[in-house]
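First comes the structure, then the notes that go with it.
Laboratory data are not the source of any read-out in this text; all were calculated from the coordinates shown. Remember, it's a predicted structure, so these values are computed and weren't measured experimentally. Neighbour counts are summed over all protein chains in view; Cβ atoms, including those assigned to glycine, are modelled from backbone coordinates with ideal geometry.
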Amino acid sequence: MTDLTLFIGRFHPLVVHVPIGVLLLVGVVELIGRFRPNLRLPDGVRTVILIVAVVSTLLAAGCGWLLGRDGGYDEVILDRHRILGFVTLGLTVGLLVVRRWYQVYGVTLVSTLIVLMWTGHNGGSMTHGSGYLAEYAPPILRPLLGGGPPGRPAPESLARADVFHDVVQPVLNARCVACHGDTRIEGDLRLDSFAAIMAGGKHGDAVIAGDPAESLLLQRLYLPLDDKEHMPPAGRPQPTDADIAVLEWWIANEAPEQGSFLALAPDPEIVDVVATQLGLPPPALPDRATVVAAALVLERRLGITIRPLSADGPWLAATARLQGEEFGDTQLAELAEIAPALRHLDLGTTAVTNRGLQHLALMAELRRLRLDGTAITDDGLIELVSLKRLTSLNLHTTAITDAGVAQLVALQRLRQLYLWQTSATPAAVEALATKLENRRKLDRYRTQIATNQRLIATETFASDFGASLFETPTQEPESSDY
């Protein structure tokens, strides 16, 4: 298909509304004229209007035929839409021919309007999906409009929300499925089911589980809006930052097909976004009074230090470092009483072993963990995979090797790792960093910083009064080429 024919074909959405409006107007006016003869259209006026209808219908059908050759649509619906379009054209020509025979003209007009609506419905199905008309219809009307029975019921709470069907698929349905669904399949890519997403399209894999940076779906979303490969195309509703954050989070967590949303320990920001999208309250936080009271008891019993991280929140920081060998696996197990509220935990130089690390599974909110100077080995690090929100891990002066470092890839939020006096090598750490960092996002942020710095330079006012030979010179304002 040449660029010229595609250029002409893309006028179809613009031109097609002219015959629709004209024919509907004719139908309304002729209906009024049936009951109010004095308001009937004069023959000359009717002739002119019908000529406009024929010409505009011909243009719409021609442009639509050219546009359909571009592909990317369901062939069955496309063929039906194309045939009905030319049938509408034929009926419109028929209206012009029989305009003076009122009875035949009336039957032809009614037939034309029925076919016109059927044609438009198929066009809408191609661009918005076959169930677009029934998507928000009352349940009693949904089967009549081709929507079938009600779909998956909304979850009653976030704890019952399925990670793909309740969280991810609605985002794709709202932003992507119009062009990548069952009736329109741009780039041979469908995004209306998990299997279709994982199958990818002609340009490659849309989603690579665990690797947002290499997932084509996110790459296209991150492109500048004026880039021809940016998706969705300019002019269509764009995903919000919250939508993109949900998709990126899902892919980074291995893009599961099913499972509990909260079981993946999403960041609070993601929880808030999903709660808003689903119209559900976020999970309740630990009760501050309860956890503080329990912390005071544990302090006295275990001889450790536990402090609130803020004046009003429930989150706690605990350190057992001063207890040294007096604090081991048994004592660590006793922290279960406050485990849901712990965000910082210092077990450095204690007697905690690999076996004791299993008790960390209860600390889903843990952000910082210090295990330096303990007897843990690579085998113990497998117990950390449940700490989905861990950002900082201190392992210095331990028996950790490259094999242990490789296991930390499960900690997708890990950004600080201390390995002084271990057997781990820089090469292993670089390999881990490559898997944990979203290099494309970092490049985008750096570009934004550079752009903003240039903008700041263009808007900053500076003055210089100079200095005499006997005065201490002032620092000269930085110059800018912008």
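The lysines within cross-link reach of residue 228, meaning a Cα-to-Cα straight distance under 25 Å and a gap of 8 or more places when in the same chain, are 202, 441.
Taking 0.36 nm per residue of separation and subtracting the Cα-Cα distance, full extension of the segment from residue 358 to residue 230 would add 41.6 nm.
In the range 291-343, the alpha-carbon atoms span a convex hull of 70 Å³ per residue.
Here the gap between residue 299 and residue 463, fully extended at 0.36 nm per residue and compared with their Cα-Cα distance, gives a gain of 53.2 nm.
How would you classify the range 15-58 from its alpha-carbon gyration tensor, with a ≥ b ≥ c the square roots of the eigenvalues: rounded for a/c under 1.5, else prolate if a/b is greater than b/c, otherwise oblate? Because a/c hits 1.5 or more and a/b fails to exceed b/c, the range 15-58 counts as oblate. In terms of the mean number of neighbouring beta-carbon atoms within 10 Å, the peptides 113-121, 275-283 order highest first as 113-121, 275-283.
Protection proxy ranking for 301-313, 242-254, using the average of other Cβ atoms within 10 Å per residue and placing the highest first: 242-254, 301-313.
Treating only the Cα positions of the range 158-278 as identical point scatterers, give the base-10 log of I(q)/I(0) from the Debye formula at each q in 0.11, 0.16, 0.18 Å⁻¹. The Cα Debye sum returns log10 ratios of -0.33, -0.72, -0.93. With contacts taken as Cα pairs under 8 Å and at least 6 residues apart, the chain reaches a relative contact order of 7 percent. By other beta-carbon atoms within 10 Å, ranking 157, 423, 463 with the fewest at the front produces 463, 157, 423. Qualifying trypsin sites (Lys or Arg not before Pro) in the range 174-269, where qualification requires a DSSP coil assignment and no more than 14 other C-beta atoms within 10 Å, comprise 202, 228.
Evaluated on the chain, the Kirkwood hydrodynamic radius is 28.4 Å, with distances taken between all distinct Cα atoms.
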